[in-house]
Amino acid sequence: MNSVFRIIIITSLLLFTTTGVVVGENDGDRWLAKDKFMHFGYSAFLTGGSAVALNRHFDYRHDDAIIVGFGITITLGAAKEAIDYNQPGQTSSYKDLIWDVAGALTGAFIASFAL
């Protein structure tokens, strides 16, 4: 199980370093807002739920189910931000993506006890 969380943490760090996070940026996008908690909650639920479903219904091994569940969540979170970036009137936010990763890590951690 340590290898699973190492892979997830390395992936998360790579994602953080490639988002161009600017500390102290004042763009009106607050770190603590209702939408951030929604990103966190949905990501945790999606990661944990998909990992459990993959393990119990599709016979994925414990570690593989968690990694794939995490990957599904991060892919969907990044796709949502890319869509928001290209839609007029929508705002794309690296902060949303960071909350997605935090939620996905939490979901993976919780799922590891359920599997």
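The values are calculated or read from the model by the stated rules, or taken from the named source; none is laboratory data. Here the structure is a predicted model, which means the values were calculated and not measured. We place every Cβ from the backbone using ideal geometry, glycine too, and count neighbours over all the protein chains shown. Areas reflect the complete protein model, heavy atoms only, side chains present, ligands, DNA and RNA absent. Shrake-Rupley method; radii C 1.70, N 1.55, O 1.52, S 1.80 Å.
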* Kindly list, by first and then second residue, each pair from a residue in segment 89-105 that is in contact (Cβ under 8 Å) with a residue 12 or more places away in the chain and open to solvent by less than 50 Å² (accessible area, probe 1.4 Å) to a residue that is of a type in the set (Asp, Glu) and assigned to a loop (DSSP other than H, G, I, E, B), limited to pairs with Cβ atoms under 7 Å and residues at least 6 apart or on different chains. => Ser93/Asp29; Lys95/Asp29
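Table: residues versus (1) in a loop (DSSP other than H, G, I, E, B); (2) among the acidic types (Asp, Glu); (3) in contact with a helix residue (DSSP H, G or I) (Cβ under 9 Å, 6 or more places away or on another chain); (4) modelled with pLDDT under 90.
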{"position": "Leu13", "(1), (2), (3), (4)": "no, no, no, yes"}
{"position": "His39", "(1), (2), (3), (4)": "no, no, yes, no"}
{"position": "Thr75", "(1), (2), (3), (4)": "no, no, no, no"}
{"position": "Ala78", "(1), (2), (3), (4)": "no, no, yes, no"}
{"position": "Ala108", "(1), (2), (3), (4)": "no, no, yes, no"}
* To do: Would you check if there is a residue in segment 26-34 being charged (D, E, K, R), assigned to a helix (DSSP H, G or I), modelled with pLDDT of 70 or more and farther than 25 Å from Phe113 by Cα?
  => yes
* Selection status of Phe45, open to solvent by 60 Å² or more (accessible area, probe 1.4 Å), assigned to a helix (DSSP H, G or I) and under 11 Å from Ala111 (Cα atoms) -> yes
* To do: Being open to solvent by 30 Å² or more (accessible area, probe 1.4 Å), out of contact with any His (no Cβ under 8 Å at 6 or more places or on another chain) and part of a helix (DSSP H, G or I) is the filter here, so list the residues in segment 48-69 that pass it.
  => Gly49, Val52, Ala53, Arg56, His57, His62, Asp63, Asp64, Ile67, Val68
